[in-house]
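To start, the structure itself, in structure tokens.
The values are calculated or read from the model by the stated rules, or taken from the named source; none is laboratory data. Keep in mind that this is a model prediction, so the values were computed, not measured. FYI the Cβ positions are ideal-geometry reconstructions off the backbone, even for glycines, and counts take in every protein chain you see. What goes into the accessible areas is simple: the full protein's heavy atoms, side chains included, and nothing from ligands, DNA or RNA. Shrake-Rupley method; radii C 1.70, N 1.55, O 1.52, S 1.80 Å.
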Amino acid sequence: GDEVITQAFNFIATVEAIVDIGATPILTNIDETLNMCPKDLKKKITKKTKAVIPVHMQGFSAKIEEIETICKKNKIRLVEDNCESIGAKYKKKFLGSFGDAGIMSFDFGKNITMGEGGAILTNDKKIIKYCKEYHDHGHELNPKFPRGMDTVTNPGFNYRITELQAAVGTAQLKKLNLILRENKKRYKILYKNLNTTFTVRHLLKESESSMDAFMFKVENANQRDKIIKYLHKSGIGTK
């Protein structure tokens, strides 16, 4: 019966996570940022609302301070889905570090990758304790017992990454600033050439995008299809 609010423009994994724990996903509209609309969020909160998951879609920040204020006022947990915006910032603070927890993804389509896997950012000791146990069959890693007789307080699953993936991730993390600089360089070229022809996605003031994807609006589906066909024919492709 619990409700978790996320946004309409999204990736299915966010909604899957809500459904997976037995909660009901509630969708807000998006605003000019193409992320969660704070005004609509206020309308969607009920007595059943337990958490809000804004998604910083494809490199651009949501109005995270407004969303954070709404959550604190209503005493609702804030979980940032920052899977597509690793390295992006709002007011010089990294996205994923505003809420109770921030979620990162390192699959092959992200700015840095380990092939699969991800990370959880939090300053809440209860959350990190739960996450450590949940991803490892519920193990508390109690030093008083061998692993086979370890104590458990919660059921868990096998969501562990491997040591090899972690090694790749460590190397990738060192390249993040380089990747962000190269993304920005390419983004500026696209902006210079397309800004006068199309309406380019809105970037919030005081925010820094990770430039995950260049997004612009087209007049209709026919124009969109022509552009996609041209890009693929040219060997450029799309996200």
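Quick look at the values:
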{"item": "Total residues in region 113-155, condition closer than 22 Å to I53 by Cβ, open to solvent by less than 70 Å² (accessible area, probe 1.4 Å) and among the β-branched types (V, I, T)", "result": "3"}
{"item": "Extreme residue, nearest to the chain's Cα centre (by Cα), among residues of region 125-168 that are in a loop (DSSP other than H, G, I, E, B) and among the aromatic types (F, W, Y)", "result": "Y159"}
{"item": "Subset of region 189-204 that is outside any strand (DSSP E or B) and in contact with a Lys or Arg (Cβ under 9 Å, 6 or more places away or on another chain) - its residue that is farthest from I64 (Cα to Cα)", "result": "F198"}
{"item": "Qualifying residues in region 156-169 (those that are in contact (Cβ under 8 Å) with a residue 24 or more places away in the chain and not β-branched (V, I, T)) - the one least open to solvent (accessible area, probe 1.4 Å)", "result": "G169"}
{"item": "Residue that is farthest from the chain's Cα centre (by Cα) [pool: residues in region 54-71 that are within 15 Å of L121 (Cβ to Cβ) and assigned to a helix (DSSP H, G or I)]", "result": "E68"}
{"item": "Total residues in region 72-92, condition within 8 Å of the chain's Cα centre (by Cα) and hydroxyl-bearing (S, T, Y)", "result": "1"}
{"item": "Sole residue being in a loop (DSSP other than H, G, I, E, B) and basic (K, R), chosen from K43, K50, K39, K75", "result": "K75"}
{"item": "Failed criterion for K185 (all others in (1) over 19 Å from G59 (Cα atoms); (2) exposed (fewer than 11 other Cβ atoms within 10 Å of the Cβ); (3) of a type in the set (D, E, K, R) hold)", "result": "(1)"}
{"item": "Filter pass, S97 being part of a loop (DSSP other than H, G, I, E, B), over 10 Å from the mean Cα position of the chain (by Cα) and among the polar types (S, T, N, Q)", "result": "yes"}
{"item": "Residue check, I12 open to solvent by 40 Å² or more (accessible area, probe 1.4 Å), among the hydrophobic types (A, V, I, L, M, F, W, C) and over 24 Å from E208 (Cα atoms)", "result": "yes"}
{"item": "Tally, over region 21-36, of residues that are touching a residue at least 24 places away in the same chain (Cβ under 8 Å) and either assigned to a loop (DSSP other than H, G, I, E, B) or buried (at least 19 other Cβ atoms within 10 Å of the Cβ) (or both)", "result": "7"}
{"item": "Hey, N222 at pLDDT 95 or above and under 30 Å from K63 (Cα atoms) or not", "result": "no"}
{"item": "Where Q172 falls short, out of the listed (1) open to solvent by 100 Å² or more (accessible area, probe 1.4 Å); (2) at pLDDT 95 or above; (3) not charged (D, E, K, R)", "result": "(1)"}
{"item": "Qualifying residue in region 217-233 (condition: open to solvent by less than 80 Å² (accessible area, probe 1.4 Å), of a type outside the set (A, V, I, L, M) and part of a loop (DSSP other than H, G, I, E, B))", "result": "yes"}
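Here's the yes/no breakdown for (1) among the hydroxyl-bearing types (S, T, Y); (2) touching a residue at least 60 places away in the same chain (Cβ under 8 Å); (3) in contact with a strand residue (DSSP E or B) (Cβ under 7 Å, 6 or more places away or on another chain):
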| site | (1), (2), (3) |
| --- | --- |
| I64 | no, no, yes |
| E68 | no, no, yes |
| K73 | no, no, no |
| D81 | no, yes, yes |
| E84 | no, yes, no |
| G87 | no, yes, no |
| G117 | no, no, no |
| D136 | no, no, no |
